[in-house]
Each structure stands twice: as structure tokens, then as C-alpha cells.
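Asker: Have a look at this one before I ask anything.
The values are calculated or read from the model by the stated rules, or taken from the named source; none is laboratory data. Because the structure is predicted, anything quoted here is derived from the model rather than measured. Every residue, glycine as well, gets a Cβ built from its backbone with ideal geometry; the counts of neighbours run over all protein chains shown.
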Amino acid sequence: MSVSTLQRFTVPVEAGQTSATQGLLMPKLQYRFRVSFQGFGSSAASDTMELTKQVRDFTRPQIDFDDITLDVYNSKIRMAGRHTWSDITITLLDDQSGRVSRQVGEQLQKQFDFFEQASAASGADYKFTTLCQMLDGGNGQKEPSIVEQWEMYGCFIQNANYNSVAYNTSEPVTISLTLRFDNAIQIASGEALEGGVGNATTRPDPTTNTATS
């Protein structure tokens with residue numbers, strides 16, 4: 001089979017499209033990812049690295065906008081209101097050394113001292129940053145490239161579930177966490193590690209109807 005025929009394995013989107021522009025883009029794969037934490041638990045780099053190694057699954061951010069409806073003459077105008085970031089979940093493998101369990105415990109203790117029954121004075125005392133990086137599959141001497149990065153700021157553990165143990169299963173022991181956060185930034189491949197996806201947004205000036213950055 002000619003290699004050129006493989007470039008036709010997708011939906012033609014315009015008349016007269018050539019095979020060179022018709023090929024299917026390589027999708028990101030669910031298992032090529034890495035999750036890391038900044039300021040979690042003891043904050044020691046060696047300990048948070050162990051958390052990254054023990055991640056089993058992770059849900060990427062989801063955002064919802066409130067709905068604003070303006071009733072006008074013969075119709076309705078619908079607008080986007082304030083937004084809410086949904087909670088994210090992460091499952092960690094609970095290792096025999098206890099390092100993962102200890103890190104989770106230390107983060108919970110930062111949020112609330114269960115022995116002394118004392119809470120943190122402010123969010124800055126316990127909030128952390130979570131990074132979810134989609135990778136290209138590289139490893140070893142071929143270092144992986146980051147094709148997309150999500151940065152979640154102001155994170156804290158909303159729910160920690162140490163799950164169950166049972167004699168009738170061979171599954172590993174896991175710890176499930178539900179994280180809440182204040183803001184998330186998505187960074188695409190090739191973008192500077194600041195700002196967000198795409199170019200700076202241009203917004204119209206409501207007083208002059210001219211565009212301003």
C-alpha cells in the first residue's frame with residue numbers, strides 16, 4: 001500500500017483538498033501524562049517526587065459558567081456569568097514504605113491539626129500548586145516533551161479517601177483525593193510558561209467601541 005494513501009484516513013473538510021493537508025493529527029494519549037505538586041505536605045522535593053511516581057489517574061480541569069439571561073423586547077439574550085472550577089480527583093498508589101500516605105497526612109495536618117484541634121491561620125499556610133503535564137512519550141535518553149500543561153493554583157484537599165482493603169482481591173491499595181482550587185491556567189506546546197493558551201485577548205472599549213488589549 002502506498003504511504004500516501006494513509007494521508008486520506010480522515011474526513012475531507014474542503015473541496016479539492018490535497019492529501020498533504022488531509023492527514024489526521026496525532027491525538028494526545030491518556031496514559032502519557034505526569035502530575036506534580038508544589039508546596040504539598042512537607043514540600044520536600046524528594047517526597048513530592050514520590051507522589052508523582054505513584055499517581056494512578058487524574059481528572060483534568062472542568063469549568064462551568066453561570067448563565068445570565070437578559071429579557072428584551074421579543075427575545076432573550078444569554079450571557080456568560082461568573083465561572084466555577086469543578087473539583088478534580090486524583091488516585092495515588094499507597095506504597096509499602098508509607099511515603100505517599102505520610103505526605104497526604106502531612107498536607108491534611110497543614111490544613112487542620114487534628115491532635116491539637118487547631119486550624120490554619122490562612123489559606124497561604126496550606127494551599128499548594130498542582131501541575132498536570134501531557135507528554136509525547138519520550139523517556140530515558142530521549143527526554144519527554146510537554147505538549148500541554150495545566151497549572152492549578154490555590155489547591156487544597158477537600159476529601160481524602162483511604163479506600164478499602166479486602167481478602168478477595170489482588171488490587172493495590174490506593175488513596176483517592178478530591179482537590180479544590182482557585183484558578184487554572186492552560187499552556188499549550190510552544191507557549192511561554194506564563195499567561196495562557198493563544199495570544200493576548202483583545203477587548204472592545206465599551207465607551208468608544210474601539211478595540212483595546
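Residue-by-condition table, conditions (1) under 19 Å from Val55 (Cβ atoms); (2) at pLDDT below 95:
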site	(1), (2)
Gln141	no, yes
Ala160	yes, no
Asn168	no, no
Ser176	yes, no
Leu179	yes, no
Glu194	no, yes
Ala200	no, yes
Pro204	no, yes
Thr207	no, yes
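Asker: Please enumerate the residues belonging to the range 44-54 that are in contact with a Phe, Trp or Tyr (Cβ under 8 Å, 6 or more places away or on another chain) and either without any contact (Cβ under 8 Å) to a residue 40 or more places away in the chain or assigned to a loop (DSSP other than H, G, I, E, B) (or both).
Answerer: Quick first cut of the range 44-54, residues in contact with a Phe, Trp or Tyr (Cβ under 8 Å, 6 or more places away or on another chain) only: 48, 51-52.
Correct list: Thr52 only.
Asker: Quick one: in the range 14-29, which of the residues that are modelled with pLDDT of 65 or more and surrounded by fewer than 11 Cβ atoms within 10 Å (Cβ to Cβ) is nearest to Thr59 (Cα to Cα)?
Answerer: Pro27
Asker: I would also like to ask the following. From the set of residues in the range 120-143 that are without any contact (Cβ under 8 Å) to a residue 24 or more places away in the chain and small (Gly, Ala, Ser), which is surrounded by the fewest Cβ atoms within 10 Å (Cβ to Cβ)? Give the derivation first.
Answerer: Restricting attention to the range 120-143, the residues satisfying the condition of being without any contact (Cβ under 8 Å) to a residue 24 or more places away in the chain are 120-122, 124-125, 138-143.
Okay, now just the ones that are also small (Gly, Ala, Ser), so 120-122, 124, 138, 140.
On the way: Ala120: 15, Ala121: 8, Ser122: 8, Ala124: 9, Gly138: 11, Gly140: 6.
Out of the qualifying residues, it is Gly140.
Asker: Now for a separate question. Would you mind finding the one in Leu92, Leu70, Leu131 that is touching a helix residue (DSSP H, G or I) at 6+ places or on another chain (Cβ under 7 Å), modelled with pLDDT of 95 or more and on the phi < 0 side of the Ramachandran plot?
Answerer: Details: Leu70 fails: touching a helix residue (DSSP H, G or I) at 6+ places or on another chain (Cβ under 7 Å); Leu131 fails: touching a helix residue (DSSP H, G or I) at 6+ places or on another chain (Cβ under 7 Å).
Residue meeting the stated conditions: Leu92.
Asker: Can you name the residue in the range 103-119 that is surrounded by 12 or more Cβ atoms within 10 Å (Cβ to Cβ) and of a type in the set (Asp, Glu) and, of all such residues, is nearest to Phe40 (Cα to Cα)?
Answerer: First, pick out the residues of the range 103-119 that are surrounded by 12 or more Cβ atoms within 10 Å (Cβ to Cβ): 103-113.
Those still in the list that are of a type in the set (Asp, Glu) too: 106, 113.
Values: Glu106: 8, Asp113: 16 Å.
So the residue we want is Glu106.
Asker: Report yes if Ile146 is touching a residue at least 24 places away in the same chain (Cβ under 8 Å), out of contact with any His (no Cβ under 8 Å at 6 or more places or on another chain) and closer than 30 Å to Met26 by Cα, otherwise no.
Answerer: In short, yes.
Asker: Give me the residue from the range 36-77 that is among the hydroxyl-bearing types (Ser, Thr, Tyr) and closer than 22 Å to Ala124 by Cβ and, out of that set, nearest to the chain's Cα centre (by Cα). Before the answer, list the steps.
Answerer: First, the residues of the range 36-77 that are among the hydroxyl-bearing types (Ser, Thr, Tyr): 36, 42-43, 46, 48, 52, 59, 69, 73, 75.
Then keep just the ones that are closer than 22 Å to Ala124 by Cβ; that gives 36, 42-43, 48.
On the way: Ser36: 10, Ser42: 22, Ser43: 20, Thr48: 17 Å.
The extreme case among them is Ser36.
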